[in-house]
Amino acid sequence: MSIPESPLGVLPSTGENLITLQTHVLANERRHPGATGALSWILSAMALSTKIIADKVRRARLVDVLGSLGAENVQGEVQQKLDVISNEVLIRCLGTRSGVAIVASEEDEEPTFLRTQSDGEQRYVVLFDPLDGSSNLDVAGGVGTIFSILRHDRRSNDPEASVLQAGTEQVAAGYVLYGSSTVLVMTTGDGVQMFVLDPAVGSYLLVEERLRIPDAGKIYSLNEGNRLSLPDEYQQYLHWAQENGYSGRYVGSMVADVHRTLLKGGVFLYPPTKKAPNGKLRLMYEANPMSMLIEQAGGKSFAAKEQRMLEVGPETLHQRTPVILGSPEEVDRVRSFL
Ligand code: AFP
């Protein structure tokens, strides 16, 4: 029996039924007969943590969560109170899931080893940027959580080696944008799904089952204030784009900028600059998960002309990388200038 459409059009438009994130994850698990359920538990911890973080973000200024702590994180960046709160929420929620072996966060210098015994259970490494774009918090701008999930490599006694896997090894990746609505976008390697948090029900509801990025889009997204400190070839690309009627859009919060790029097309760039010769963004918990999502949606992501992001061999947890990602035609256009 097919379920009638909502007469007021107030329900998600994904077809016959209402699908929550939990339903989607469980259905996915059933499609893989060997699945242990560990990954599903981790995704459910991500859902719970991001609902808690969304609640804090939504009540910023009403409760005392804004402003800096007066401390710096491992990147030398000022820690906002909400950075620290979000980090704690994620570590506490993930910590209770027996399938999590290691967590690694932008806010912590070293990974946290939760379980190391090898009892045959499939375990995972979860990397995250708990609150990306947090300098936008004071102005009620869009911020987000980014996550990447890797298999825990039990063959290696070196815990670092378990964390330092190339992006091609990710089993799942996603982000939550705390914007005008709370949107969760994720992939487990079989397309990209988008969910919106229904605050009345407290559940993420599926709104798009197989998200595809437009093949092209005349939008570039980068910090144009850095223009004179970019390598010449990027400046030439910008010149070309402006001569050819491109628009510029830049929030300064990767989740918000990548989300717009995913939905509307275009290219998001964070090139090397004089101040940050290796780029500013972090490979393991920013560039890699975003690249998996973009590729799963039909886009492309590169660290350099011939360097696909997901194939970069990581050397350190917090290493930085230049980023060129978005619609395939736009990414290739930028690469043709390099
Ligand atoms: P914050 O978390 O300090 O706001 O940094 C955000 C970010 O890591 C990323 O989300 C943005 O894309 C990028 O930095 C913006 O950097 P610029 O301010 O140099 O443009």
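Which residues, counting only those in the stretch 241-268, are within 20 Å of Gly174 (Cα to Cα) and more than 10 Å from the ligand (Cβ to nearest atom)? Give the steps one after another, and end with the answer.
Taking the stretch 241-268 first, the residues within 20 Å of Gly174 (Cα to Cα) are 251-268.
Once the filter is applied, which keeps residues that are within 20 Å of Gly174 (Cα to Cα) and more than 10 Å from the ligand (Cβ to nearest atom), the stretch 241-268 yields His259, Arg260, Thr261, Leu262, Leu263, Lys264, Gly265, Gly266, Val267.
Can you tell me which residue is farthest from Gly174 (Cα to Cα) among those in the stretch 272-289 that are more than 8 Å from the ligand (Cβ to nearest atom) and surrounded by 24 or more Cβ atoms within 10 Å (Cβ to Cβ)? Top of the filtered list is Leu283.
If only one of Val143, Val176, Val100, Val125 is crowded, with 20+ Cβ neighbours inside 10 Å and either at pLDDT below 90 or in contact with a His (Cβ under 6 Å, 6 or more places away or on another chain) (or both), which one is it? Only one candidate qualifies: Val125. Val139 meets all of the listed conditions (1) within 20 Å of Cys93 (Cα to Cα); (2) within 16 Å of the ligand (Cβ to nearest atom) but one, namely (1).
Val196 meets all of the listed conditions (1) in a strand (DSSP E or B); (2) open to solvent by less than 40 Å² (accessible area, probe 1.4 Å); (3) in contact (Cβ under 8 Å) with a residue 60 or more places away in the chain but one, namely (2).
A single entry from Val201, Val171 fulfils the requirement of being among the β-branched types (Val, Ile, Thr) and within 24 Å of Asn87 (Cα to Cα): Val171. Number of residues in the stretch 110-146 that are more than 16 Å from Glu286 (Cα to Cα), of a type in the set (D, E, K, R) and not in a helix (DSSP H, G or I): the value is 5. When residues in the stretch 302-338 are screened for being in a loop (DSSP other than H, G, I, E, B), open to solvent by 40 Å² or more (accessible area, probe 1.4 Å) and over 17 Å from Pro277 (Cβ atoms), 2 of them pass. Inspect all residues belonging to the stretch 298-317 and state whether any of them is among the β-branched types (Val, Ile, Thr), in contact (Cβ under 8 Å) with a residue 40 or more places away in the chain and under 21 Å from Pro130 (Cβ atoms). Yes, the stretch 298-317 contains a residue that is among the β-branched types (Val, Ile, Thr), in contact (Cβ under 8 Å) with a residue 40 or more places away in the chain and under 21 Å from Pro130 (Cβ atoms).
Any chance you could count how many residues in the stretch 24-43 are more than 16 Å from the chain's Cα centre (by Cα), assigned to a helix (DSSP H, G or I) and within 18 Å of Ile149 (Cα to Cα)? Before you say what the answer is, go through the steps one by one.
So in the stretch 24-43, the residues more than 16 Å from the chain's Cα centre (by Cα) come out as 24-41.
Still in the list and also assigned to a helix (DSSP H, G or I): 24-31, 38-41.
Now restrict to residues that are within 18 Å of Ile149 (Cα to Cα): 24-26, 28-29, 38-41.
Count: 9.
The single condition among (1) within 16 Å of the ligand (Cβ to nearest atom); (2) surrounded by fewer than 19 Cβ atoms within 10 Å (Cβ to Cβ) that Leu222 does not meet is (2).
The values are calculated or read from the model by the stated rules, or taken from the named source; none is laboratory data. Bear in mind that the values here come from a model prediction, so they are computed numbers and not experimental data. Because the Cβ atoms are built from the backbone with ideal geometry, glycine has one as well, and the counts that use them run over all protein chains shown. Just so you know, the surface numbers come from the protein's heavy atoms only, side chains and all, with ligands and any DNA or RNA stripped out. Shrake-Rupley method; radii C 1.70, N 1.55, O 1.52, S 1.80 Å.
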